[in-house]
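Data first, discussion second: the structure below is written as structure tokens.
The values are calculated or read from the model by the stated rules, or taken from the named source; none is laboratory data. Predicted model only: the values in this text are computed from it and were never measured. We place every Cβ from the backbone using ideal geometry, glycine too, and count neighbours over all the protein chains shown.
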Amino acid sequence: MFIADERFQTIYVDGSDTWTLQIKYVQARDEGEYECQISTEQKMSHVVHLSVIVPKIEIIGDRDRYVRTGSTVALHCVINQSVEAPSYVFWYHGGNRVLTDQYGKLAIHSPTQTENGFDSKLVIHNARLEDSGNYTCSPSNLDSASVHLHVLNGEHPAAIQRGISAAPGGCRALWWLAGSVSLSSNQGRRMYVLIVLLAVLLVTYQQSIRLAYNVIR
């Protein structure tokens, strides 16, 4: 075997007739066919196809979360296509590791197996302004995933909209908070169009009333 990658190594055990190809720290690009050849007078070979399963990690929901002070926030870190459970899952707030505290404000649930993989959960009770910031889920030997939490101190939906519009790269979805009613971005657009139409009808109606009043005079 001739390859510059030191992750690949052939292993032969004295007194046996077996050669082993070892690949350390397997990567997605290692997937494909590998052929073992025996240099005899009649050439012999055997082909093996290596499939590499690449785990996918994400925190369920939007990259930006908007909640009011006093809310309970649950962040779910889902690991799909993993053949085994991670040894650990660490959560970070900014650059600091999040730990379960004795007062019950922060709770980290160990990874549990789901239908498609594993799920780790971070729960923040009674969210405060200082809980705002970037939260990162970092499983062992895997890439990490992050979300940004915005804790709002009684801001109105307009303030939420301005905050999303000002966010770098925008936001995939917008949630309008109006009392106990939540509207998604698509619903919000439909509601916006409806409000505009009602405003136009109201202005037209007022103009008609003024015109009729002037005619009567």
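The figures follow:
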item: Residues of segment 95-109 satisfying the condition of being exposed (fewer than 11 other Cβ atoms within 10 Å of the Cβ) and within 16 Å of I59 (Cβ to Cβ); result: none
item: Pair list, Cβ < 9 Å and 6+ apart or interchain, from segment 107-128 residues that are without any contact (Cβ under 8 Å) to a residue 12 or more places away in the chain and not assigned by TED's automatic domain parsing to the domain that holds Q81 to residues that are surrounded by fewer than 16 Cβ atoms within 10 Å (Cβ to Cβ) and in a loop (DSSP other than H, G, I, E, B); result: none
item: From the options V54, V78, V83, residue that is outside any loop (DSSP other than H, G, I, E, B) and either at pLDDT below 95 or of a type outside the set (G, A, S) (or both); result: V78
item: All positions within segment 29-38 that are at pLDDT below 90 and farther than 13 Å from T10 by Cβ; result: I38
item: Elements of type strands (runs of 3 or more DSSP E) in segment 118-182, at least 3 residues being surrounded by 11 or more Cβ atoms within 10 Å (Cβ to Cβ) and modelled with pLDDT of 95 or more; result: 133-139, 145-152
item: Residue list for segment 86-117, filter: of a type in the set (V, I, T) and not in a loop (DSSP other than H, G, I, E, B); result: V89, I108, T112
item: Of all residues in segment 5-25 being outside any strand (DSSP E or B) and modelled with pLDDT of 90 or more, the one that is nearest to L50 (Cα to Cα); result: K24
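Conditions tested, residue by residue: (1) over 27 Å from E115 (Cα atoms); (2) surrounded by 14 or more Cβ atoms within 10 Å (Cβ to Cβ); (3) of a type in the set (D, E, K, R).
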{"site": "S45", "(1), (2), (3)": "yes, no, no"}
{"site": "I53", "(1), (2), (3)": "no, no, no"}
{"site": "K56", "(1), (2), (3)": "no, yes, yes"}
{"site": "H93", "(1), (2), (3)": "yes, yes, no"}
